[in-house]
Amino acid sequence: MTIPFVDLYSQYLSIKTEIDLAIERVIKNSAFIGGEEVSNFEKLFSEYLGINHIVSCANGTDSIEIILEALGVGEGDEVIVPAISWISTSEAVSRVGARPVFVDIDANYFTIDTSKIAEKITSNTKAIIPVHLYGHPCNMTTIMEIAKDKNILVIEDCAQAHGAKWQGKMVGTFGIAASFSFYPGKNLGAYGDAGAMATNDSNLASKLRQIANHGQEGKHNHVVEGRNSRLDGLQAAILSVKIKYLNEWTVCRQLAAINYFNFIKSEKIQLPKTHLNAEHVFHLYVIRVNDRDSVVEHLNKHGINTAIHYPKALPFLKCYEQLNLSETDFPVANEYQNKILSLPMYAELKENQIEYISKYLNELA
Ligand SMILES: *Cc1c(COP(=O)(O)O)cnc(C)c1O
């Protein structure tokens with residue numbers, strides 16, 4: 001048996017008729033950038049989240065950057081980010097001229113350790129970007145309290161957490177704005193790059209829309225210099241088909257996680273935990289093992305593909321070398337970067353496949 005890490009083609013086959021029709025429709029109407037397909041998807045996604053405004057853009061990285069720019073975060077400002085995330089989170093901060101300030105992750109849930117945020121806040125701290133890593137929501141109760149107390153902005157990075165909830169409330173609806181990615185492998189994925197920004201603030205929404213479309217306020221009225229970060233019609237049409245299935249696919253991911261939990265018996269493996277207040281959407285199923293290389297090799301030998309998210313925590317990347325960050329400042333991230341291993345996880349993953357993967361993991365016991 002061969003089990004891929006993700007299987008985007010089998011998902012396409014399950015909705016092929018609808019997707020093919022949507023693509024044909026876009027080509028026939030030739031609304032390739034912006035247009036009705038895009039505003040329709042923005043409406044569908046805002047209804048899904050229960051938020052007033054969705055402003056689509058070219059990708060998730062842009063969405064973080066545009067939000068920071070619109071909020072006036074820049075030179076001299078500091079922005080708190082978790083020590084483990086995809087680089088976009090900190091990259092966007094540096095791109096607008098601000099400085100990312102890393103905080104270690106929580107040993108149980110992989111998300112930012114809220115007990116270590118306060119000590120990193122200075123008079124220059126302008127914002128915090130909690131990342132709902134692997135699909136597990138951050139502790140938004142504590143984060144919102146700290147932010148209110150210290151008067152800092154909260155920008156949620158929801159790239160891995162479409163539909164996740166903290167205390168029954170959708171992630172992406174807590175802060176002043178939230179960033180979403182529809183990169184193909186995400187829980188809601190396009191067939192190319194795509195992203196969106198979410199907010200309840202209508203002034204901010206107009207600013208975001210302006211920046212993402214060359215600073216235009218109506219055609220040819222460039223009120224500021226913006227940039228080109230737009231969603232195309234094909235991606236919007238595809239996402240509008242796929243969003244109807246998102247809840248169903250999330251349940252499949254959650255069932256797959258339950259199956260892993262039931263089938264994996266090896267005591268050498270630490271399984272991911274879910275906080276009692278959290279609804280986890282399992283973008284990734286991340287276990288921890290001590291001898292990762294040999295586990296990867298053993299699984300590989302039996303046709304099972306795995307991945308690592310991410311092999312190096314952000315503070316230790318080459319691009320942050322000049323910050324001279326110490327490993328002892330990020331003990332959990334430092335330990336976990338060598339132990340984390342992402343197992344196959346997608347809605348179409350079958351129970352017998354999970355049983356097969358678990359069988360080889362249990363041989364490690
Ligand atoms: C994927 C991802 C992004 C960026 O999304 P792109 O659409 O690839 O630019 C940002 N943050 C996190 C945590 C991600 O996983």
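The values are calculated or read from the model by the stated rules, or taken from the named source; none is laboratory data. Worth saying up front: this structure is predicted, and the values here are computed from it rather than measured. FYI the Cβ positions are ideal-geometry reconstructions off the backbone, even for glycines, and counts take in every protein chain you see. Ligands, DNA and RNA are stripped out before the accessible areas are found, and what is left, the full protein with its side chains, is counted by its heavy atoms. Shrake-Rupley method; radii C 1.70, N 1.55, O 1.52, S 1.80 Å.
Arrange the residues 320, 183 by how much accessible surface each exposes, largest first, with a 1.4 angstrom probe.
Working: 320 15, 183 125 Å².
Listed by decreasing accessible area, they come as 183, 320.
Heavy atoms only, 1.4 Å probe, whole protein assembly: order 41, 5 by accessible area, highest first. Can you show the working numbers first?
Numbers: 41 0, 5 40 Å².
Largest accessible area first, the list is 5, 41.
On a C-alpha basis, how far is the centre of region 193-231 from the centre of region 51-67 in Å? Whole number, if you could?
Using only Cα atoms, the two centres lie 9 Å from each other.
Determine the shape class of region 244-297: with a ≥ b ≥ c the square roots of the Cα gyration tensor eigenvalues, call it rounded for a/c under 1.5, and otherwise prolate if a/b is greater than b/c, oblate otherwise. It would help to have the intermediate numbers written out before the result.
Details: a/c = 2.37, a/b = 1.92, b/c = 1.24.
Note, shape of region 244-297 comes out prolate.
For the chain, with equal point scatterers placed on the C-alpha atoms only and solvent neglected, what are the log10 I(q)/I(0) values from the Debye formula at q = 0.08, 0.14 1/Å, to two decimals?
So the normalised log intensities are -0.40, -1.20.
Given a 1.4 Å probe and every protein chain left where it sits, what share in percent of the accessible area of region 26-184 is carbon and sulfur? Please report the intermediate quantities before stating the final value.
On the way: 2720 of 5730 Å².
Of all accessible area on region 26-184, carbon and sulfur atoms account for 47 percent.
Within region 158-175, which residues have the backbone N less than 12 Å from the label spot 7 Å out from residue 201 along Cα→beta-carbon, could you tell me?
It comes to 175, nothing else.
Across all directions of projection, what mean area in square nanometres is found for the Cα convex hull of region 34-134? Let's see the in-between values first.
Values: hull surface 30.1 nm².
Taking a quarter of the hull surface, the average projection is 7.5 nm².
Using θ = phi - 60° and the Karplus form 6.51 cos²θ - 1.76 cosθ + 1.60, what ³J(HN,Hα) does each residue of region 171-176 get, whole Hz, x for Gly and Pro?
Couplings: 5, x, 10, 8, x, 5 Hz.
By how many nm would the segment from residue 224 to residue 39 lengthen if fully extended, with 0.36 nm per residue of separation less the alpha-carbon distance?
Numbers: separation 185, 0.36 × 185 = 66.60 nm, distance 2.26 nm.
Separation in residues times 0.36 nm, less the Cα-Cα distance, equals 64.3 nm.
Return the FRET efficiency for the residue pair residue 94, residue 302: r is the Cβ-Cβ distance, R0 is 45 Å, and the value is rounded to the nearest 0.05.
Working: r = 41 Å, r/R0 = 0.92.
Step by step, r from the Cβ atoms, then E = 0.60.
In terms of Cα to Cα distance under 17 Å, which lysines are near enough to residue 43, apart from those fewer than 8 places away along the same chain?
242, 244
Could you give the dipole magnitude of the chain about its Cα centre, charging the beta-carbon of Lys and Arg +1 and that of Asp and Glu -1, in debye to the nearest 20?
Numbers: 33 positive and 42 negative charges, 81 e Å.
Charge dipole, the chain, about its Cα centre: 380 debye, nearest 20.
Positive end of the charge dipole of the chain (Lys, Arg +1 and Asp, Glu -1 on Cβ, about the Cα centre): tell me which of 290, 84, 304 has its Cα farthest that way.
Value: 304.
Give me the accessible area per residue for the chain, probe 1.4 Å, as a whole number in Å².
Values: 15970 Å² over 365 residues.
Roughly 44 Å² per residue, with all protein chains present.
How much accessible surface area, in Å² rounded to 10, belongs to the heavy atoms of residue 8 with a 1.4 Å probe?
80 Å²
May I ask you to work out the translational diffusion coefficient for region 78-198 at 10 °C, viscosity 1.306 mPa s, via Stokes-Einstein with Rh from the Kirkwood sum over Cα pairs, reported in whole µm²/s?
Working: Rh = 14.3 Å.
Reported coefficient: 111 µm²/s.
If you filter region 109-138 for trypsin sites (Lys or Arg not before Pro), then keep DSSP loop positions with at most 11 other Cβ within 10 Å, what is left? Don't skip to the end; give the middle numbers.
Numbers: sites: 116, 120, 126; in loops: none.
Sites meeting the loop and neighbour criteria: none at all.
Note down the relative contact order for region 69-212 as a percent, whole number, built from C-alpha pairs under 8 angstrom at least six residues apart.
On the way: 281 pairs, mean separation 25.1, N = 144.
The value is 17 percent.
By how many nm would the segment from residue 118 to residue 18 grow when fully extended, if each residue of separation counts as 0.36 nm and the alpha-carbon distance is taken off? Intermediate values should be presented prior to the final figure.
Numbers: separation 100, 0.36 × 100 = 36.00 nm, distance 4.88 nm.
In short, 31.1 nm is gained.
For residue 217 and residue 290, calculate 0.36 nm times their separation in residues minus their Cα-Cα distance, and state this gained length in nm to one decimal. Spell out each step's value before the answer.
Values: separation 73, 0.36 × 73 = 26.28 nm, distance 5.49 nm.
Roughly 20.8 nm would be gained on extension.
Would you calculate the separation in nanometres between label points at residue 27 and residue 359, each defined as 7 Å from the Cα along the Cα-to-beta-carbon direction?
4.3 nm
Can you work out ³J(HN,Hα) from phi for every residue in region 186-199, in order, using Karplus 6.51 cos²θ - 1.76 cosθ + 1.60 and θ = phi - 60°, giving whole Hz and x for Gly and Pro?
Residue by residue, region 186-199 yields 6, 4, 10, x, 8, 9, x, 6, 6, x, 7, 10, 10, 7 Hz.
Could you work out what % of the accessible surface of region 189-310 is carbon and sulfur, using a 1.4 angstrom probe and leaving DNA, RNA and ligands out of the count? Before the final figure, lay out each step's value.
Details: 2820 of 5900 Å².
The computed percentage sits at 48.
Could you tell me the ratio Rg/Rh of region 253-348? Both radii from Cα atoms, Rh via Kirkwood. Show your work: numbers first, answer last.
Numbers: Rg = 15.2 Å, Rh = 15.0 Å.
Looking at region 253-348, the ratio lands at 1.01.
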